[in-house]
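The values are calculated or read from the model by the stated rules, or taken from the named source; none is laboratory data. Note that this is a predicted model, so its numbers are computed, not measured. Here the Cβ positions follow ideal geometry from the backbone for every residue, glycine too, while neighbour counts run over all protein chains shown.
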Amino acid sequence: MGEHFSGTVLAGSFHYGLAVVTATELLAGLLSAAGVVWLLLGWGIVPGIVGALFAAISGCILMTGQRLAKDYVGAAALVPYFLIAIIGLYIYQM
């Protein structure tokens, strides 16, 4: 997987970037799940909003990495994921 970023500015920091993306994805998933529970219990929407925000941030990180690696098809495949996170943020603010 590291070969994907060889020849880019990310070549030396691939493992660090993988850890950051993994952490943001885990936070997005856990906070989104907590947001559903909080919403069903009537406790508020804060964890869901933060979870959707982490999902959007993760999407931006992933798309940036794909663009730097000149994998434009891979970056385009991530757009629906990013749009779902943005739609989630929009729905929460309604």
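Some points to look at:
- Only one entry in Ala33, Ala19, Ala75, Ala56 is over 29 Å from Ile91 (Cα atoms) and either in contact with a Gly (Cβ under 9 Å, 6 or more places away or on another chain) or not in a loop (DSSP other than H, G, I, E, B) (or both), namely Ala19.
- Region 10-25 residues that are among the hydrophobic types (A, V, I, L, M, F, W, C), paired with ones that are surrounded by 15 or more Cβ atoms within 10 Å (Cβ to Cβ) and at pLDDT 95 or above (beta carbon under 7 Å, 6 or more apart): Val21/Ser58
- Taking the criterion of being touching a residue at least 12 places away in the same chain (Cβ under 8 Å) and among the hydroxyl-bearing types (Ser, Thr, Tyr), the only residue of region 73-91 that qualifies is Tyr81.
Yes/no matrix, rows are residues, columns are (1) loosely packed, with under 14 Cβ neighbours inside 10 Å; (2) at pLDDT below 95:
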position: Trp43; (1), (2): yes, no
position: Gln66; (1), (2): no, yes
position: Asp71; (1), (2): no, yes
position: Ala76; (1), (2): yes, yes
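- Flag if Ile61 is at pLDDT below 95, touching a Ser or Thr at 6+ places or on another chain (Cβ under 8 Å) and part of a helix (DSSP H, G or I): yes
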